[in-house]
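Enquirer: Input: one structure, supplied below.
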Amino acid sequence: MKRKMGDSKETDSKKPSSNWPPIKPKKNLQITRFRDFDLFTVQNFFSSAESKAFVKAAEAIGFAHQGSLGPTKGEAYRDNDRISVNDPVLADTIWDSGLSKLFSDLRIRGKVAIGLNPNIRFYRYKVGQRFGRHIDESVDLGDGKRTHYTLLVYLSGGPGDLKPKSKNNSSNPTDSSVDPLVGGETVFYGSRNSIVAEVSPTEGMALLHIHG
């Protein structure tokens with residue numbers, strides 16, 4: 001999800017279509033890269049107020065449950081609630097709010113990042129729900145445009161960090177806007193099925209990872 005670096009006045013906030021909340025431009029955003037993997041995090045990409053506003057807006061639309069046939073049928077296990085919208089204005093708003101500046105020097109096969117896929121999805125997980133291990137694939141958007149990274153923006157969570165897998169690793173409950181949030185990590189795998197990273201949900205944090 002992504003807008004224009006500049007003054008932080010309220011009037012500079014660009015309001016996307018579909019009555020989504022406004023997003024202010026962000027200054028001084030910092031990228032944290034995990035080791036040698038194409039995995040980045042950006043803390044405070046959404047403010048706490050923005051995150052809560054998007055949660056409220058999504059809840060007002062209403063989520064639909066998503067399931068799958070499971071790994072035995074060639075599908076990743078899926079049990080969550082989802083909203084899917086096609087909104088180029090919202091995509092441009094999120095991109096221009098700071099990511100365009102951060103990734104202006106990022107090159108993939110000689111190409112530069114220019115924006116986001118307008119197909120934006122909101123996921124909600126209740127106790128016990130999860131999205132199983134899977135591989136994100138590139139999407140051809142036409143006109144020579146193709147996705148190479150997935151962007152996630154966590155709208156709930158608490159203090160967290162990007163950490164290597166450890167045998168005795170445990171998650172402590174952290175305060176969210178309503179109840180303590182436990183679990184919900186996004187897990188990444190390397191060679192030989194080894195876990196190379198777990199990203200704990202942190203409100204307003206952006207996570208980008210390369211497809212595949």
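The values are calculated or read from the model by the stated rules, or taken from the named source; none is laboratory data. All values derive from a computational prediction rather than experimental measurement. In this analysis, Cβ positions are derived from the backbone assuming ideal geometry, glycine residues included, and neighbour counts consider all displayed protein chains. To get the accessible areas, we keep the full protein, side chains included, count just its heavy atoms, and leave off ligands, DNA and RNA. Shrake-Rupley method; radii C 1.70, N 1.55, O 1.52, S 1.80 Å.
Enquirer: Listed here are the pairs Lys101/Lys126; Lys27/Lys145; Lys27/Lys52; Lys26/Lys126; Lys26/Lys52; which of them are more than 25 Å apart at the Cα? Please list the in-between numbers first.
Expert: On the way: Lys101/Lys126 35 Å; Lys27/Lys145 27 Å; Lys27/Lys52 20 Å; Lys26/Lys126 31 Å; Lys26/Lys52 17 Å.
Beyond 25 Å: Lys101/Lys126; Lys27/Lys145; Lys26/Lys126.
Enquirer: Carbon and sulfur together cover what percent of the accessible area of segment 108-148 at a 1.4 Å probe radius?
Expert: Working: 1520 of 3140 Å².
Carbon with sulfur: 48 percent of the solvent-accessible area.
Enquirer: Residues with beta-carbon under 9 Å from that of Asn80, excluding Asn80: net charge, scoring Lys, Arg +1 and Asp, Glu -1?
Expert: Working: positive: Arg78, Arg82, Arg124, Lys126, Arg130; negative: Asp79, Asp81.
Local net charge: +3.
Enquirer: For Leu106, what accessible surface area do you get with a 1.4 Å probe? Give it in Å², rounded to 10.
Expert: 40
Enquirer: Still on this structure, I have one more. With the convex hull built on the Cα atoms of segment 86-153, state its orientation-averaged projected area in nm². Kindly include the intermediate steps, with their values, before the conclusion.
Expert: Working: hull surface 23.7 nm².
Across all orientations, segment 86-153 yields a mean hull projection of 5.9 nm².
Enquirer: Could the peptides 145-151, 45-51, 73-79, 181-187 be put in order, highest first, of the mean number of other beta-carbon atoms found within 10 Å of their residues?
Expert: Numbers: 145-151: 16.9, 45-51: 19.1, 73-79: 12.9, 181-187: 15.3.
Going by the mean number of other Cβ atoms within 10 Å, highest first, we get 45-51, 145-151, 181-187, 73-79.
Enquirer: So what J values fall out for segment 135-142 if you push phi through Karplus, 6.51 cos²θ - 1.76 cosθ + 1.60 with θ = phi - 60°, rounded to Hz, Gly and Pro as x?
Expert: 10, 6, 10, 5, 10, 7, 9, x
Enquirer: At a Förster radius of 25 Å, what calculated FRET efficiency corresponds to the Cβ-Cβ distance of Lys101 and Leu141, to the nearest 0.05?
Expert: Numbers: r = 22 Å, r/R0 = 0.86.
The pair Lys101/Leu141 has a calculated efficiency of 0.70.
Enquirer: Here's another thing I want to ask about it. Any idea how far apart Arg133 and Asp38 come out in nm if each label point goes 7 Å out from Cα toward Cβ?
Expert: Placing both labels 7 Å beyond Cα along the Cβ direction yields 2.1 nm.
Enquirer: I've got another one for you. From the backbone phi of segment 24-31, what are the Karplus-calculated ³J(HN,Hα) couplings (6.51 cos²θ - 1.76 cosθ + 1.60, θ = phi - 60°) in whole Hz, Gly and Pro given as x?
Expert: Going residue by residue, I get 7, x, 10, 9, 6, 5, 10, 8 Hz, with x marking Gly and Pro.
Enquirer: Go through segment 68-75 residue by residue and turn each phi into a ³J(HN,Hα) via Karplus (6.51, -1.76, 1.60, θ = phi - 60°); whole Hz please, and just put x for glycine and proline.
Expert: Once θ is set to phi - 60°, the couplings for segment 68-75 become 8, 7, x, x, 5, 9, x, 10 Hz.
Enquirer: May I pose another question? First check a/c for segment 14-137, with a ≥ b ≥ c the square roots of the eigenvalues of its C-alpha gyration tensor; if it is under 1.5, answer rounded, and if not, answer prolate when a/b is larger than b/c or oblate otherwise. It would help to have the intermediate numbers written out before the result.
Expert: Values: a/c = 1.85, a/b = 1.21, b/c = 1.53.
Oblate.
Enquirer: Tell me, what is the FRET efficiency for Ser68 and Val196 to the nearest 0.05, using R0 = 35 angstrom and their Cβ-Cβ distance as r? Intermediate results must be reported in sequence, preceding the final value.
Expert: Details: r = 25 Å, r/R0 = 0.70.
It comes to 0.90.
Enquirer: Further, regarding this structure: Per 0.36 nm of contour for each residue apart, how much would the distance between Lys27 and Ile210 grow if the chain were fully extended, relative to their Cα-Cα spacing? Write down the numbers at each step before the final one.
Expert: Numbers: separation 183, 0.36 × 183 = 65.88 nm, distance 2.43 nm.
That pair, Lys27 and Ile210, stretches by 63.4 nm at full extension.
Enquirer: Let me ask something else. Please work out how much accessible surface Arg107 shows to a 1.4 Å probe, ignoring ligands, DNA and RNA, in Å² rounded to 10.
Expert: It works out to around 140 Å².
Enquirer: Could the peptides 191-198, 21-28 be put in order, highest first, of the mean number of other beta-carbon atoms found within 10 Å of their residues?
Expert: Working: 191-198: 11.9, 21-28: 17.0.
Averaged packing, sorted descending, gives the order 21-28, 191-198.
Enquirer: Continuing with the same structure: Using a simple charge model, +1 on the beta-carbon of Lys and Arg, -1 on the beta-carbon of Asp and Glu, nothing else, what dipole does segment 27-76 show about its Cα centre, in debye to the nearest 20?
Expert: Details: 6 positive and 5 negative charges, 29 e Å.
My answer is approximately 140 debye.
Enquirer: What translational diffusion coefficient, in µm²/s and rounded to a whole number, does the Stokes-Einstein relation yield for segment 23-86 at 25 °C and a viscosity of 0.890 mPa s, taking the hydrodynamic radius as the Kirkwood radius over Cα pairs?
Expert: On the way: Rh = 15.3 Å.
My calculation gives 161 µm²/s for D.
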